[in-house]
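Below: one structure, written as structure tokens.
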Amino acid sequence: MATALLRRFAELAATPLVPDDYLDLFNPLRPGAELRGRIVSVHPETADAATLVIKPGADWAGHVPGQYVRIGVDVDGVRQWRAYSLTHGPRRDGHISITVKAVADGTVSPYLVHRSRPGTLVHLEQATGDFVLPDLDVDPPKFLFVTAGSGVTPVVGMLRNLFPVTESGVIDPKSRSAATNAAGLDITVVHVAPSEPDSIFGADLVALHAAGAINLVARYDDTHGVLDINRLVDLVPDLHERITYACGPGGLLDALAAHHEALGLPLHVEQFKISTVEPGAGGSVAFNSGVEVIADGATPILTAAESAGVLMPSGCRMGICFGCVLPMTDGAVRDLRNGAITTADAMSGPVKIQTCISAAAGPCRLDH
Ligand SMILES: Cc1cc2nc3c(=O)[nH]c(=O)nc-3n(C[C@H](O)[C@H](O)[C@H](O)COP(=O)(O)OP(=O)(O)OC[C@H]3O[C@@H](n4cnc5c(N)ncnc54)[C@H](O)[C@@H]3O)c2cc1C
Ligand code: FES
């Protein structure tokens, strides 16, 4: 901490200062500052997942459980932005929390899980997302939550907001007999994980089940085999009476969407990663700056360009927010979700493409 402050002084001594620089140095979380947060604590959840509790800047506008926040961190000198679901409802101490699972070859998630430390400043955006529960005041419906792997995070955020838990997220023992502050809610949670030790928030869900707050159906791949969505009704016999909220890998969500569509059942999903089709050939991506990046046909142009040090606009990184759109003036790209090819040339004029879900399909040029 002291070293970081000294380094910051040294950096500032070498550049012209404006008053905000001094204010940022002593109070980076002040009202009016660029929105940031300070990591307060890091708690391991499993061998490769951890919860980060963050004190957000004064201008944090709050969130609705189920929403996500975009976090910007500098990894090896490059600012990287990723989305993470908020894993608490609003807390009494005003802190927020995210729970990150380290992806094996990931850039940001291993950094957050294994290298982030209390005291570290991170960049934040305001919370967003529509994976939220409806108004529960009048005649609440019966719910089914289907969670797989790190997809449990937004659901835990919702559950912690509905039931009496402590700030650490476990069910409050003083409230066990009262069971819930959401009496009347009928919630079944189908929670899928590779194994019990790898189950993020498994213990919290078991505690909520034991207190009578939810009906938990835990499914571990190593014990029960991979969940066959077509047999979901065996696990949840009154499936037809429930509104389903699901979060997990693309394959499971695709299967659930097809299953629910066939039965005409309501479904809300939150997807962390897009499902992609077979990759195409790839090509070179040229930018106005003169930089040219060789990208394979499986990698989003956004990722390929960032890896080559190009500063790119981005948002959700999965085709939802349009925060990554850039004009393509020439060439062809392939939509990684469905294989559709988009082309641009002098005749068509610039065509806007989402770089987070588009791969090069031959040479192309972006106006950026
Ligand atoms: C709305 C939203 C909410 C999210 N909430 C959470 C959350 O609560 N907890 C959490 O851990 N993650 C969450 N994510 C995923 C998160 O934003 C990152 O995508 C993830 O942490 C990987 O980032 P990375 O930089 O480590 O990997 P990258 O460097 O971006 O990717 C490296 C490799 O990992 C693959 N990959 C990327 N994302 C995933 C993934 N989610 N699972 C498996 N492989 C992946 C890529 O295809 C690539 O091959 C959320 C994503 C979205 C869009
Ligand atoms: S970053 Fe959100 S659509 Fe591309």
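Rule-based calculations on the coordinates, nothing more; no lab input. All figures in this text were calculated on a predicted structure; none of them were measured in a lab. As a convention, Cβ positions derive from the backbone with ideal geometry for all residues, glycine included, and neighbour counts pool all protein chains shown.
Some observations on this one:
- Percent antiparallel among DSSP beta bridges (both partners in the chain, rounded to 5): 65
- The dipole here belongs to the stretch 142-269: it is taken about the Cα centre, uses +1 on the Cβ of Lys and Arg and -1 on the Cβ of Asp and Glu, and is about 380 debye.
- For the stretch 228-261 and the stretch 298-368, distance of Cα centres in Å: 33
- Over the stretch 34-124, the pair-distance histogram of Cα-Cα distances with 5 Å bins from zero comes to 3, 14, 27, 29, 18, 7, 2, 0 percent, rounded to whole numbers.
- Sequence of 277, 293 once ranked by neighbouring C-beta atoms within 10 Å, starting from the fewest: 277, 293
- The relative contact order of the chain comes to 12 percent, based on Cα pairs under 8 Å that sit 6 or more residues apart.
- Once each of the GluC sites (Glu not before Pro) sitting in a DSSP loop with at most 16 other beta-carbon atoms within 10 Å is removed, the chain keeps 168-368 as its longest stretch.
- The chymotrypsin sites (Phe, Trp or Tyr not before Pro) of the stretch 246-346 meeting both criteria, a DSSP state outside H, G, I, E and B (loop) and at most 15 other C-beta atoms within 10 angstrom of the site's C-beta, are 322.
- Using θ = phi - 60° and Karplus 6.51 cos²θ - 1.76 cosθ + 1.60, couplings along the stretch 194-211 (whole Hz; Gly, Pro as x): x, 7, 4, x, 8, 7, 6, 6, x, 5, 5, 5, 4, 5, 5, 5, 4, 7
- Computed from the alpha carbon positions, the gyration tensor of the chain leads to an equivalent ellipsoid with semi-axes of 37, 30, 17 Å, biggest first.
- Lys, Arg +1 and Asp, Glu -1 on Cβ, resulting dipole of the stretch 26-149 about Cα centre, debye, nearest 20: 440
- Spin-label model distance (nm) - residue 307 vs residue 137, 7 Å beyond Cα toward Cβ: 5.1
- The stretch 36-101 and the stretch 155-170: distance between their alpha carbon centers, rounded to Å: 16
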